[in-house]
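Novice: Before anything else, here's the structure in question.
Any read-out appearing in this document is the output of simple, stated calculations on the displayed coordinates, not a laboratory observation. A quick note: this is a predicted structure, and the numbers were derived from the prediction, not measured. Glycine gets a Cβ as well: all are built from the backbone with ideal geometry, and neighbour counts include every protein chain shown.
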Amino acid sequence: MSDVSSTPRPRLPDNDVVFVVKNPHRPGMLGRLCTVIGEEGGLIGDTRAVFIGHDHIIRELTVAVYDAPHLGAIERAIRERTDAEILEIKDVVFEQHRGGKIAVVRTKSATTVGELRNLYTPGVARVSKAIQHNPELAYEYTMLGNTIGIFTNGTRVLGLGDIGPLASLPVMEGKAMLYHQFVGIGAIPILVDTRNPDEFIAIVEKTSVGFAGVHLEDIRTPDCFHIEESLIARLKKPVMHDDQHGTATVLLAAVLNALKKTGRTKDDRLTFAQIGLGAAGYAIAKLLREYGFSVVAFDPNESAQERVRRIGIESVSFADAVAADVVIATTGRVGLITNEMVRPGQIIFALSNPVPEILPDDALEAGAAFAADGKSVNNALAFPGLFKAAIELRADSITSAMKIAAAEAIAALAEPDELVPSPFNPAVHAQVVARVKATAAADHLTDAQN
């Protein structure tokens, strides 16, 4: 078996490819092929015969690999050690992205001259004039009332870094797809080709007039903080940087259930430590503190430390942080937390993808009471429902109380064997919307009474 990479890897490969192979139609050929793939570390999923002839058979085998070098090693092994002929190798991810994932489609049809006159000219002028006199009518008579803009400049995409706005479009399409699938919101990616945060703010401010809300995505730190804060102050509509607050909301839900699984409660005076104060880390620390937990933080960057100190969170050393009762790491540094650092009974969330600061199995073997990685914290559980509720409420902002309500709704719907529920559970999004709207309504009533 070949060793094609010394880079740390997750326990199992998770990049799916499809081998289209032509094999002699004889006993043992498929078994030999599968054996060789397995010996090279490939994880075989679906197999499908697409042609069966007298002399040969053509199959599609879905195989999970770690990366491109691993795929190359498997391909060489098949060619050199089996009788199979590789006809094609298809990347499942690229195949599913072909043609894009979203489209702008109509919701009405004009099939007669009369319908055309009503839906377009001259009838449309009446609606435009009404909106001119009462802008609120746009929420009822245009797409604005159920559409948000997803704005990015592509300066901090997933784990890829500054790849620019165009390369970020597949990610933005994915967000838009989830908005529509989970809560029926229309979402349109807007690619902003500037790295100047003030120019970005001005562009969003001028182009957001046609959207009920502004979803900010994949913007580098510290620019994302300045951009979000400025747009919240300028726009009377919901603005949320999902990398911060979507992640923080789901992490809070995961924390609540981790405490439950380990027999602890909010009243146990536990110390929480946030290691890494980028976009997600800062928002996590802030939301945990707003929930009422005792939070400390570590980051080697002094400006990041100063940012959390301004909101009342103590900045501590790495040694003190990693010794806390609940440790949350969002650093991107593989192996940052070693087995020797783990204290018995700790709860550890090592959230960096694709490989965490410490593998959950290693943390548990070292004595942690509970451990999870970034795969357990999917912000798709939070952002659709948060925005849906905010839009339906015509809210000016998405508050911390709304995020906490969303987190509690998410946590409550997890099955006994789950940390958080699946985002494909429709009850999750419905409950997030309901709980967030109820919380916002209660807060509004309290404010009015005061």
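Novice: What's the local net charge at Ala380, with K and R +1, D and E -1, over the other residues with C-beta under 10 Å away?
Specialist: Computed value for this residue: 0.
Novice: Turning to a different aspect of this structure: Using 27 Å as the Cα-Cα cut-off, could you pick out the over-long pairs in Lys266/Lys388; Lys237/Lys403; Lys175/Lys266; Lys237/Lys375; Lys175/Lys260; Lys236/Lys375?
Specialist: Lys266/Lys388; Lys175/Lys266; Lys237/Lys375; Lys175/Lys260; Lys236/Lys375
Novice: Let me ask you something else. Which of Ser208, Ser397 comes first, and how do the rest follow, when ranked by fewest Cβ neighbours within 10 Å? Mind dumping the intermediate values first?
Specialist: On the way: Ser208 20, Ser397 17.
With the fewest neighbours first, Ser208, Ser397 line up as Ser397, Ser208.
Novice: When the helix-only estimate is applied to the chain (DSSP H runs of n ≥ 4, each -39,500 (n - 2.57), divided by the residue count), what is the mean residue ellipticity at 222 nm, nearest 500 deg cm²/dmol?
Specialist: The per-residue figure over the chain is -13500 deg cm²/dmol.
Novice: Indicate the gyration tensor shape class of region 15-97 (rounded, prolate or oblate), computed on the Cα atoms with a ≥ b ≥ c the square roots of the eigenvalues: a/c under 1.5 is rounded; otherwise a/b larger than b/c is prolate and the rest oblate.
Specialist: Cα axes put region 15-97 in the oblate bin.
Novice: Which trypsin sites (Lys or Arg not before Pro) does region 375-450 hold that lie in a coil by DSSP with at most 16 other beta carbons within 10 Å? Spell out each step's value before the answer.
Specialist: On the way: sites: Lys375, Lys388, Arg394, Lys403, Arg435, Lys437; in loops: Arg394.
Answer by residue number: Arg394.
Novice: If I compute Cα Rg over 2.2 N^0.38 Å from the structure I just sent, which labelled value in [x] 1.13; [y] 0.97; [z] 1.05 lines up?
Specialist: [x]
Novice: Calculate, in nm to one decimal, what Thr111 and Ser303 gain on full extension: separation in residues at 0.36 nm each, minus their alpha carbon distance.
Specialist: Additional length available on full extension: 63.1 nm.
Novice: Not counting the cut sites, what is the longest span of the chain without chymotrypsin sites (Phe, Trp or Tyr not before Pro) that DSSP labels loop and that have at most 13 other Cβ atoms within 10 Å? Before the final figure, lay out the partial values.
Specialist: On the way: sites that count: Tyr120, Phe424.
Between exposed loop sites, the widest span is 121-423.
Novice: Please give me the summed charge of the neighbours of Glu392: other residues whose Cβ is under 15 Å from its Cβ, Lys and Arg +1, Asp and Glu -1.
Specialist: On the way: positive: Lys237, Lys388, Arg394, Arg435, Lys437; negative: Glu136, Glu140, Asp396.
The answer is +2.
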